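Please read the structure below before turning to the comments.
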Amino acid sequence: SAATVLGQEKRLATRGAAIVPFEPGWRTNVLAVITNPSVALLLMTIGMYGLIFEFMNPGFVAPGVIGAICLLLGLYGLQLLPVNYAGLAFLILGIGFMVGEAFLPSFGILGLGGVAAFVAGALMLIDTELPDYGIPVGLVGVVAVLSAVLVIATASVALRTRRRAVTGATDE
């Protein structure tokens, strides 16, 4: 058989060569799982929610640690994939809006906008024509519904807290 090496055609002498099977190691298998587009998106989503819960409950530590690790693993997985940067920007915008929802009195508007931006980003994130290589629409739908439920729950807690009467000591 022939191969091109440094722009020149070279003939390879492979007749009678021994076939040596190569099995990937555990590291290669783990990295193959992380670079699956669906797994990378899930890792980023878990990371995002871990950080949001840590910001909402400072000092709890576990959500922040798990969130940071998952977010970095998800970003590592994305770096090895053909990523559309507009999709990634939408994901980051969506995450920012959802984090903002936890801290600003927007009554769900920021959070729902974040879910919409996250869905748009997830749908356009993987830039390839290969079939079955992108993120499944069903997975995007499940993540969007879970995100919307969390945003609505956060907004409802914020509304209930806002309506509650102020209690505390006075300076009298």
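So how do 23-32, 49-58 stack up, highest first, on mean other-Cβ count within 10 Å?
Those peptides, ordered most packed to least, come out 49-58, 23-32.
What angle, in degrees between 0 and 90 and rounded to the nearest 10, separates the Cα long axis of helix 137-163 from the longest principal axis of the Cα atoms of the chain?
With both axes taken from Cα atoms, the answer is about 20 degrees.
Scan [x] 66; [y] 62; [z] 53 for the value of percent of Cα pairs over 19 Å apart calculated from this model and give just the label.
Answer label, from the structure shown: [x].
Sequence gap at least 6, Cα distance under 8 Å: using those rules, report the relative contact order of the chain to the nearest whole percent.
18 percent
Gaussian network model of the chain, Cα springs within a sub-10 Å range: biggest mean-square fluctuation belongs to which of Phe118, Phe103, Phe90?
Phe103
Identify which of Leu159, Leu125, Leu81 has the largest mean-square fluctuation in a Gaussian network model of the chain, with springs joining Cα atoms closer than 10 Å.
Leu159
Taking amide H positions as placed 1.01 Å from N in the peptide plane, with prolines and chain starts having none, which residues 5 or more places from Asp127, or on another chain, fall under 5 Å of its amide H?
Val83, Asn84
Since every read-out is calculated from the coordinates, none of them should be taken as a lab result. Since this is a predicted model, take the numbers as computed values, not measurements. Glycine gets a Cβ as well: all are built from the backbone with ideal geometry, and neighbour counts include every protein chain shown.
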